[in-house]
């Protein structure tokens, strides 16, 4: 399950943010995950409490926002939603498209608690 490794990397990044802002605890983490990211949201939710157990994010709420697959058409220039396995332009139907969204795994926001600073 590579989602555990993804969580561990995420928590390193979140821990660095907490240290940088002198926060003792992380209360909420918001991620944006696209269907083409290679990360399974349900498995990530399961792995998160295990990875976060002895970290500054222990007990933090993990919110996962699913993003859509978006393409830009090379033929007509339109940007539209597309199916993950059918990257066609929603305006003209052409297959000459470029992926502009849906493959992301983004740390969108972190809520820090500076009141519980470690001594």
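Derivation of every value follows stated rules applied to the coordinates shown; laboratory data play no part. Everything numeric here is computed off the predicted structure, so don't read it as measured data. Note that we place each Cβ from the backbone using ideal geometry, even for glycine, and neighbour counts take in every protein chain shown.
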Going by Cα centres, region 1-17 and region 31-85 are how many Å apart? 14 Å
Just to be sure I understand: of the beta bridges DSSP finds with both ends in region 2-113, what percent are antiparallel, rounded to 5? 75 percent
Cα long-axis angle, helix 2-20 against the chain (0 to 90 degrees, to the nearest 10): 60 degrees
How many nm is it between the label spots at residue 85 and residue 27, if each spot is 7 Å from the Cα in line with the beta carbon? 4.3 nm
Just to be sure I understand the model, the point goes 7 Å from the Cα along the line to the Cβ. What's the resulting residue 66 to residue 8 distance in nm? 2.8 nm
Just from its helices, what would the mean residue ellipticity at 222 nm be for the chain, if runs of 4 or more DSSP H residues each count -39500 (n - 2.57) and the sum is divided by every residue, rounded to the nearest 500 deg cm²/dmol? -8500 deg cm²/dmol
Mean Cα-pair separation over length for region 14-119, i.e. relative contact order, pairs under 8 Å, 6 or more apart, %: 40 percent
Taking the Cα atoms only, what angle lies between the long axis of helix 41-52 and the longest principal axis of the chain, rounded to 10 degrees? 20 degrees
